[in-house]
Amino acid sequence: MASKPRHDLVELSFDEISLEQTPNSHHEDIFSDLSARIPSLQPLSSGARAATKAEQKMSLLTGCQLYPKAIAWSIVLSFTVIMEGYDTTLLVSFFTFPGFKQKYGAPDPSQPGNFEISPKWQSGLTSAAVVGQIIGLFLNGFLADWFGYRRTILTALVSLCFFISLPFFAVDVQMFLAGQFLCGIPWGIFQTLATTYAAEVLPVALRAYVLSSMNICWLIGQMCAVGVVRSQAGNGTEWSYRLPLALQWALAVPILIGVYFAPESPGWLIRKERPVEARRTLLRLTTAHEDCFNVDEVIAMMTHTNETEKYLGNAQITYWDCFKGINLRRTEIACMIWITQQASFSSSGTYAAYFYEQAGLSIQNSFTLAIGMYGIAIVGAILSWFCIRRAGRRRIYLIGIAASMAILTVAGGVGFLPTTNAQSWALGGLITFLTFIYNLSIGPICYVLVAEIPCTRLRIKTVILARIVYNMASIVTNVITPRMLNPTAWNWKGKSCFFFLGFSAVCFIWCYLRLPETFGLSYLEIDILFEKRAKASKFRELQRHLANRGYFSVPDEVQKQRAMW
């Protein structure tokens with residue numbers, strides 16, 4: 001069905017609505033007679049209402065009992081995130097690796113007999129991978145819409161198996177750079193599909209936990225990469241760095257087999273107007289439990305949300321639509337959420353071993369401390385599950401940024417002290433603590449927010465655009481960070497924390513003013529609050545009044561009276 005013109009809708013700001021109004025208030029509302037405006041919603045309204053109420057009442061335990069297979073398949077797809085975390089961290093870990101530096105680096109004039117990858121080539125290698133990821137992300141927006149999540153991931157995995165051979169057999173740094181660029185294309189595809197898949201197959205009660213676990217997958221991949229490189233630190237042959245590269249094939253094959261048997265996202269099938277297949281897929285993702293789960297009501301809820309979004313101006317699914325109307329605000333929020341990750345020195349994890357070495361620790365101690373740092377980060381990410389349930393998304397994000405700023409201030413001050421063993425370990429400890437705070441707050445909450453903020457029809461493309469902006473910001477940090485740490489360049493060492501402190505301050509101000517709270521909201525409720533242009537600080541407060549004012553427009557006249565604002 002074609003979407004209605006925007007001028008036909010009644011525009012009403014939440015500022016005009018008293019939060020103390022009773023459910024019988026007679027304010028005109030664009031959602032109060034959706035059934036009359038969209039005839040196809042009439043048979044869906046009662047089922048959609050029932051499914052939404054059931055989701056809102058669903059406990060964590062009930063969700064796990066109803067959706068164990070959805071959780072399992074989300075984990076299977078999230079292994080692509082583990083693989084990407086392994087792949088991307090491997091390269092930066094090689095910058096500290098003697099065998100790799102001797103093969104692809106140049107003699108270090110400050111330390112005769114040693115080799116160093118120049119800041120120019122460090123930036124070039126990491127940026128080549130990021131450029132490939134941006135291309136992969138952009139292609140993903142079309143491929144996932146056309147062919148679905150499952151086929152797109154399978155294609156990316158097969159492509160990666162071929163592309164890995166280029167850096168594996170690289171004879172010079174130029175060939176290695178080309179391999180990084182090509183591998184970056186499937187890595188870009190992996191970056192968002194697991195997140196959007198989980199967002200579509202899981203109910204509200206489980207959504208935050210599984211989405212935030214994407215951050216744990218990154219950490220597991222990064223820790224595995226550092227651990228593998230650490231095990232090869234004493235190996236002086238070419239296999240010392242080729243073996244870690246070859247392990248990518250060992251990771252890709254079992255993931256490919258698992259994804260082959262995974263069900264498609266029912267949300268994607270609904271958008272393709274294939275409700276029968278969506279129903280069959282949803283049954284594959286859930287367990288039979290008639291008392292608290294009705295598959296037809298869930299399909300009605302998904303279809304109702306899809307048709308409502310089409311009516312509100314989202315009939316088309318293009319990148320340009322992400323910048324039109326109210327979707328511009330949603331795209332802005334998603335992009336800034338991910339930029340905040342870069343502002344909070346998230347590269348401290350990727351560059352951990354290299355940072356510690358340049359701070360004065362030995363190579364062995366650098367890798368050991370990096371492995372410990374990832375272990376502590378995983379603990380922080382697990383603890384974030386308890387915080388999410390109690391504190392919500394917005395509050396955790398703001399507290400996380402503020403805490404990171406405090407640690408960056410102290411670490412930057414330590415960087416001015418004379419370089420001694422004690423100073424090096426103190427700086428390493430502060431960066432490890434920063435990583436813990438980051439993965440307790442900013443890291444996991446980011447994945448929850450970027451999946452919840454977009455409308456369902458534009459979720460894939462909005463998340464992709466946000467990740468592209470993140471990668472563009474990472475190009476900047478990939479160029480600057482090696483120069484800040486490298487002894488042959490700026491040699492800032494710990495003082496580089498002040499750069500990220502200023503960056504974080506800007507993001508904190510933005511988050512305080514613009515970041516909404518989406519805790520406990522269904523996708524339709526989020527749509528309504530954005531459509532009403534609710535202030536970011538009022539999202540959670542206003543949500544409490546949505547249920548009483550009715551936003552499904554059941555055709556019954558009594559129900560329609562109760563639905564008035």
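The values are calculated or read from the model by the stated rules, or taken from the named source; none is laboratory data. Remember, predicted model here, so these are calculated numbers, not experimental data. Cβ coordinates were reconstructed from backbone atoms using ideal geometry, including for glycine residues, and neighbour counts include every protein chain displayed.
Of Ile153, Ile189, all but one fail to be within 17 Å of the chain's Cα centre (by Cα), at pLDDT 95 or above, of a type outside the set (Phe, Trp, Tyr) and closer than 23 Å to Gln248 by Cβ; the exception is Ile153.
Taking Thr22, is it in a helix (DSSP H, G or I) and either under 30 Å from Phe168 (Cβ atoms) or at pLDDT below 70 (or both)? Break it down stepwise before answering.
On the way: in a helix (DSSP H, G or I): no; either under 30 Å from Phe168 (Cβ atoms) or at pLDDT below 70 (or both): yes.
No: the conditions fail for Thr22.
Applying the criterion of at least 3 residues that are closer than 30 Å to Gly520 by Cβ to the helices (runs of 4 or more DSSP H) found wholly in the range 177-283 leaves 204-231, 266-271. Per the listing Gln174, Gln122, the residue uniquely touching a residue at least 40 places away in the same chain (Cβ under 8 Å), in a helix (DSSP H, G or I) and more than 24 Å from the chain's Cα centre (by Cα) is Gln122.
Of the residues making up the range 104-122, those that are out of contact with any Asp or Glu (no Cβ under 8 Å at 6 or more places or on another chain) and crowded, with 19+ Cβ neighbours inside 10 Å are Ile117, Pro119, Trp121, Gln122.
Of Ile437, Ile442, all but one fail to be modelled with pLDDT of 90 or more and surrounded by fewer than 24 Cβ atoms within 10 Å (Cβ to Cβ); the exception is Ile437.
Of all residue pairs spaced 6 or more apart or on separate chains, those with beta-carbon atoms under 8 Å, a first member in the range 380-400 that is part of a helix (DSSP H, G or I) and a second member that is surrounded by fewer than 15 Cβ atoms within 10 Å (Cβ to Cβ) are Arg389/Leu60. Considering Ser74, Ser78, Ser93, the condition of being part of a helix (DSSP H, G or I), modelled with pLDDT under 80 and either more than 30 Å from Thr192 (Cα to Cα) or not hydrophobic (A, V, I, L, M, F, W, C) (or both) is satisfied by Ser93 alone. Scanning the range 156-180 for residues that are under 19 Å from Ile255 (Cβ atoms) and among the polar types (S, T, N, Q) turns up Ser159, Ser165. Keeping to the range 418-447, report how many residues are of a type in the set (A, V, I, L, M, F, W, C) and touching a Lys or Arg at 6+ places or on another chain (Cβ under 9 Å). Going through the range 418-447 one residue at a time, the tally reaches 2.
When the residues of the range 154-164 are filtered to those that are in contact with a Gly (Cβ under 8 Å, 6 or more places away or on another chain) and in a helix (DSSP H, G or I), which remaining residue is farthest from Ala262 (Cα to Cα)?
Taking the range 154-164 first, the residues in contact with a Gly (Cβ under 8 Å, 6 or more places away or on another chain) are 156, 163-164.
Narrowing the set further to residues that are in a helix (DSSP H, G or I) leaves 156, 163.
Working: Ala156: 15, Phe163: 24 Å.
In this case the residue turns out to be Phe163.
Of all residues in the range 221-269, which are among the β-branched types (Val, Ile, Thr), out of contact with any Phe, Trp or Tyr (no Cβ under 7 Å at 6 or more places or on another chain) and surrounded by 19 or more Cβ atoms within 10 Å (Cβ to Cβ)? Selection gives Val259 alone. Scanning the range 451-507 for residues that are closer than 12 Å to Gln342 by Cβ and not hydrophobic (A, V, I, L, M, F, W, C) yields Arg467, Tyr470, Asn471, Ser474, Thr477, Asn478, Thr481, Ser504.
Taking the range 358-370 as the range and being modelled with pLDDT of 65 or more and crowded, with 21+ Cβ neighbours inside 10 Å as the test, the residues that pass are Leu361, Ser366, Phe367, Leu369, Ala370.
Can you confirm whether the range 409-419 contains a residue that is crowded, with 24+ Cβ neighbours inside 10 Å and part of a helix (DSSP H, G or I)? Yes, the conditions are met somewhere in the range 409-419.
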